[in-house]
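Undergrad: My questions will all concern the structure given below.
The values are calculated or read from the model by the stated rules, or taken from the named source; none is laboratory data. Remember, predicted model here, so these are calculated numbers, not experimental data. Heads up, the Cβs are rebuilt from the backbone with ideal geometry, glycines too, and the neighbour counts pull from every protein chain shown. Areas reflect the complete protein model, heavy atoms only, side chains present, ligands, DNA and RNA absent. Shrake-Rupley method; radii C 1.70, N 1.55, O 1.52, S 1.80 Å.
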Amino acid sequence: MRVEIELNNYGIKRIRQGNPLIQQDDLKQDIKKIPLEWVKFVDNKHKYIATGYLGKQNKGFGWVLDQTQRPINKAFLMEKFQQAINQRQAFFADQGTNTFRLFNGEGDGIGGVTIDYYADYLVISWYNETIYHFQKLIVDSLLAVFPSAKGIVEKIRFKSEGKESRWLAGEKPQEPLIVLENGVSYAVYLDEGYMTGIFLDQKEVRGRLTEGLAAGKKVLNMFSYTGAFSVAAAYGGALETTSVDLAQRSLPKTQEQFEVNDLPLEKQKIIVMDTFDYFRYALRKGLSYNLIVLDPPSFARNKKKTFSVAKDYGRLIEDSVEILTNDGMIIASTNAANLPIKKFKQAIETAFQNKNVTYQLTESYRLPADFPASNFEESNYLKVLFYRIKK
């Protein structure tokens with residue numbers, strides 16, 4: 001390991017407190033060109049602090065992988081992958097689920113790369129150029145401990161000239177590939193851009209809907225994408241579901257999810273419309289719902305306006321209250337890593353107070369067990385709060 005990177009005292013303190021994320025402010029020198037190799041982080045006396053790498057991505061400037069001076073080689077990587085697989089034995093043993101996160105980046109010890117398992121196929125996501133430089137070593141190490149993978153597709157999630165999704169190894173499945181979660185079938189497409197058709201971090205929330213939380217209820221699913229929450233609710237006995245998303249593709253994708261579960265389409269409404277426009281439409285038409293699911297992207301833009309969770313979530317809540325039945329439920333969710341749980345909760349409850357309703361927080365969820373988080377707040381990005389509302 002030739003490259004040494006000197007850290008300031010603040011950076012050293014954060015690493016010693018267990019935070020593996022390197023920020024640009026932690027570095028003593030200004031880095032003009034990021035080295036595409038493992039680096040040794042040192043103090044001002046060149047004393048070893050940690051081993052890792054520098055790589056620009058949406059959260060930070062690099063990652064610590066080790067603090068014991070071990071070389072980062074195939075044996076090291078195999079050990080990390082084997083530990084992750086061992087910790088997910090309950091998921092492998094679950095007859096009703098065959099899709100989950102196999103390796104969760106920094107939570108499993110290697111920041112900048114995640115691996116998702118879809119019924120014997122693997123999807124690897126690379127979040128910065130440096131970790132991608134080690135692609136062959138990482139994939140070889142993974143296959144050494146997980147040789148049963150039928151095929152691997154990779155997602156390039158940093159700025160690059162190449163394709164965002166490409167097949168790496170093994171056979172391609174016939175698509176849609178039908179996977180199971182909590183006994184419900186979902187149609188996924190592994191090699192279709194960044195997204196496969198289901199967000200695996202929401203399995204516990206969908207599980208609650210599947211178990212019967214939505215039984216006998218009229219459910220509204222906003223920012224519905226492929227309608228996974230709606231399908232889980234219908235499977236769990238919802239009276240009817242309404243899925244609303246601005247993307248044109250949401251209509252055929254959502255229909256397909258109901259069809260692979262043999263759920264009757266006549267009880268499911270699928271609407272291509274801006275969320276705030278739909279709130280106004282529902283109010284005008286006198287529509288109401290017993291349960292509303294709000295799971296917007298952190299940031300979205302259409303031709304007319306932008307939406308940001310930090311700025312606009314309160315408005316979503318207020319508009320939801322207008323069309324919610326008395327004693328109804330709102331499932332409020334965000335994956336915005338930069339929004340702390342306390343501020344998220346505050347934004348929601350301020351909106352309830354503005355609408356003069358009585359509210360009770362009945363359940364809350366963070367990342368599930370197959371998404372272990374690391375020791376810094378942004379790592380545990382998912383926040384889902386269930387509120388019961390009395391008007």
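Undergrad: Output the number of the condition that D370 fails; it satisfies all remaining conditions of (1) crowded, with 21+ Cβ neighbours inside 10 Å; (2) not in a loop (DSSP other than H, G, I, E, B).
TA: So the condition that D370 fails would be (2).
Undergrad: Can you confirm whether the range 164-177 contains a residue that is within 25 Å of A228 (Cα to Cα), in contact with a Gly (Cβ under 7 Å, 6 or more places away or on another chain) and modelled with pLDDT of 95 or more?
TA: no
Undergrad: Please tell me if R284 is at negative phi and without any contact (Cβ under 8 Å) to a residue 12 or more places away in the chain.
TA: Details: at negative phi: yes; without any contact (Cβ under 8 Å) to a residue 12 or more places away in the chain: yes.
Yes, satisfied.
Undergrad: Only residues that are at pLDDT below 95 and either in contact with a strand residue (DSSP E or B) (Cβ under 6 Å, 6 or more places away or on another chain) or part of a helix (DSSP H, G or I) (or both): list them for the range 332-353, please.
TA: none
Undergrad: Okay, moving on. In the range 75-114, what count of residues is obtained for those that are of a type in the set (D, E, K, R), part of a helix (DSSP H, G or I) and more than 22 Å from I156 (Cα to Cα)? Before you say what the answer is, go through the steps one by one.
TA: Initially, the range 75-114 is screened for residues of a type in the set (D, E, K, R), giving 79-80, 88, 94, 101, 106, 108.
Within this subset, residues satisfying the condition of being part of a helix (DSSP H, G or I) are 79-80, 106, 108.
Restricting the remaining residues to those that are more than 22 Å from I156 (Cα to Cα) gives 79.
Summing the residues that are of a type in the set (D, E, K, R), part of a helix (DSSP H, G or I) and more than 22 Å from I156 (Cα to Cα) in the range 75-114 gives 1.
For every residue, the table says whether it meets (1) more than 13 Å from M222 (Cβ to Cβ); (2) among the β-branched types (V, I, T); (3) in contact (Cβ under 8 Å) with a residue 12 or more places away in the chain.
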residue: E266; (1), (2), (3): yes, no, no
residue: S288; (1), (2), (3): yes, no, yes
residue: K311; (1), (2), (3): yes, no, no
residue: L316; (1), (2), (3): no, no, yes
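Undergrad: Any residue at all in the range 257-264 that is free of Cβ contacts under 8 Å to residues at least 60 places away in the same chain, open to solvent by less than 50 Å² (accessible area, probe 1.4 Å) and out of contact with any Cys (no Cβ under 7 Å at 6 or more places or on another chain)? I'd like the intermediate steps shown before the answer.
TA: To start, the set of residues in the range 257-264 that are free of Cβ contacts under 8 Å to residues at least 60 places away in the same chain comprises 258-259, 262-264.
Within this subset, residues satisfying the condition of being open to solvent by less than 50 Å² (accessible area, probe 1.4 Å) are 258, 263.
If we keep only those that are out of contact with any Cys (no Cβ under 7 Å at 6 or more places or on another chain) too, we end up with 258, 263.
Among the residues of the range 257-264, at least one is free of Cβ contacts under 8 Å to residues at least 60 places away in the same chain, open to solvent by less than 50 Å² (accessible area, probe 1.4 Å) and out of contact with any Cys (no Cβ under 7 Å at 6 or more places or on another chain), which makes the answer yes.
Undergrad: Specify which of the listed residues (L209, L190, L168, L200) is within 30 Å of F76 (Cβ to Cβ) and touching a helix residue (DSSP H, G or I) at 6+ places or on another chain (Cβ under 7 Å). Write out each step before concluding.
TA: Working: L209 fails: within 30 Å of F76 (Cβ to Cβ); L190 fails: touching a helix residue (DSSP H, G or I) at 6+ places or on another chain (Cβ under 7 Å); L200 fails: touching a helix residue (DSSP H, G or I) at 6+ places or on another chain (Cβ under 7 Å).
Criteria check complete, one pass: L168.
Undergrad: Taking the residues in the range 211-236 that are touching an Asp or Glu at 6+ places or on another chain (Cβ under 7 Å) and surrounded by fewer than 24 Cβ atoms within 10 Å (Cβ to Cβ) as candidates, determine which candidate is farthest from T325 (Cα to Cα).
TA: The selected residue is Y225.
Undergrad: If I go through the range 158-215 residue by residue, how many of them are part of a strand (DSSP E or B), of a type in the set (A, V, I, L, M, F, W, C) and closer than 20 Å to T254 by Cβ? Spell out how you get there, then give the answer.
TA: Of the residues in the range 158-215, the ones part of a strand (DSSP E or B) are 165-170, 177-181, 184-188.
Pick out the ones that are also of a type in the set (A, V, I, L, M, F, W, C) and you get 167-169, 177-180, 184, 187-188.
Then keep just the ones that are closer than 20 Å to T254 by Cβ; that gives 177-180, 184, 187-188.
Total meeting the criteria: 7.
Undergrad: Okay, moving on. Would you confirm, using the coordinates I've provided, whether L143 is of a type in the set (A, V, I, L, M, F, W, C) and either touching a Phe, Trp or Tyr at 6+ places or on another chain (Cβ under 9 Å) or not in a helix (DSSP H, G or I) (or both)? Give the steps one after another, and end with the answer.
TA: Values: of a type in the set (A, V, I, L, M, F, W, C): yes; either touching a Phe, Trp or Tyr at 6+ places or on another chain (Cβ under 9 Å) or not in a helix (DSSP H, G or I) (or both): no.
Answer is no for this residue.
Undergrad: Could you please find all residues in the range 294-313 being open to solvent by 10 Å² or more (accessible area, probe 1.4 Å) and not in a loop (DSSP other than H, G, I, E, B)?
TA: As a first pass, look at the range 294-313 and keep what is open to solvent by 10 Å² or more (accessible area, probe 1.4 Å): 295, 297-308, 310-312.
Hits for the range 294-313 are F299, A300, R301, T306, F307, S308, A310, K311, D312.
Undergrad: How many residues are within 15 Å of the chain's Cα centre (by Cα), surrounded by fewer than 24 Cβ atoms within 10 Å (Cβ to Cβ) and at positive phi when one looks only at the range 106-129?
TA: So the count comes out to 0.
Undergrad: Any residue at all in the range 155-170 that's closer than 23 Å to I85 by Cα, crowded, with 21+ Cβ neighbours inside 10 Å and without any contact (Cβ under 8 Å) to a residue 40 or more places away in the chain?
TA: yes
Undergrad: Being in contact with a His (Cβ under 7 Å, 6 or more places away or on another chain) and open to solvent by 10 Å² or more (accessible area, probe 1.4 Å) is the requirement here; does E79 meet it?
TA: Details: in contact with a His (Cβ under 7 Å, 6 or more places away or on another chain): no; open to solvent by 10 Å² or more (accessible area, probe 1.4 Å): yes.
Here the answer is no, as E79 does not meet what is asked.
Undergrad: M329 is checked against (1) modelled with pLDDT of 95 or more; (2) within 24 Å of A228 (Cα to Cα); (3) in contact with an Asp or Glu (Cβ under 7 Å, 6 or more places away or on another chain) and fails just one. What number does that condition carry?
TA: (3)
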